[in-house]
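Everything below concerns the one structure shown next.
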Amino acid sequence: MIRRQLPDLLLRPGMTLFARVAERSGQHGIIVLAGSPLVAQLPDEVAAGDSLRLLVEDARGEKVMMKLVQEQPVAPPPSSAVPLPLPGGLEARVAVEEREADPDDPEHASISISYDSPALGAVGLVLSLAPGAVSVRAELRAGEAFELGADAADELRERLVAATGRAAEVTVVPRHDPVDFYA
């Protein structure tokens, strides 16, 4: 049925796919794979609303056999911020926020990076990829850091176009750090 409903979806043994369980009734249910609903036989531990990671085991003929891949818990790194040496003996701290990809939107990806610079203060970057496009959103401390970033936005956009061959967009916005007040 997958081949008839999704003729353009290339399935090879060893591939990993993501799906979401839309409905469940007994041993069968409806999963959403590549944006299309499909009837599937489901293991007992899978419930409606679950996100599944599936490994293609056999893709010959009309029936495709996939195995549910259990996520192994990964120990977080001891510190999410990594030191980055700078000229003059200074050190910046870089942290990357990891998130699981959206199984309903496999063609878009993004990564968030926070960078704590002695000269610029906290810098937040969101790098996003879409078919034919790349974008960067930079949040910089208001004042000199923001002005430097805004002045360099066009140059960064041109370099992204040259490096990726995609349309590029660079947005620089002032960062508003939280302030705590106590009485």
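The values are calculated or read from the model by the stated rules, or taken from the named source; none is laboratory data. Because the structure is predicted, anything quoted here is derived from the model rather than measured. Because the Cβ atoms are built from the backbone with ideal geometry, glycine has one as well, and the counts that use them run over all protein chains shown.
Tabulated data
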| read-out | value |
| --- | --- |
| Qualifying residue in region 68-89 (condition: of a type outside the set (S, T, N, Q), modelled with pLDDT of 70 or more and more than 24 Å from residue 114 (Cβ to Cβ)) | yes |
| Enumeration of residues in region 105-135 that are of a type in the set (Asp, Glu) and surrounded by 15 or more Cβ atoms within 10 Å (Cβ to Cβ) | 116 |
| Any hit, region 101-110, residues being among the hydroxyl-bearing types (Ser, Thr, Tyr) and modelled with pLDDT under 80 | no |
| Neighbours by Cβ (under 7 Å, 6+ apart or cross-chain): first from region 1-25, within 22 Å of residue 49 (Cβ to Cβ) and of a type in the set (S, T, N, Q); second outside any strand (DSSP E or B) and at pLDDT 70 or above | 16/69 |
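This table checks each residue for (1) at pLDDT 90 or above; (2) surrounded by fewer than 14 Cβ atoms within 10 Å (Cβ to Cβ).
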| residue | (1), (2) |
| --- | --- |
| 137 | yes, no |
| 150 | yes, no |
| 154 | yes, yes |
| 163 | no, yes |
| 173 | yes, no |
| 176 | no, yes |
| 183 | no, yes |
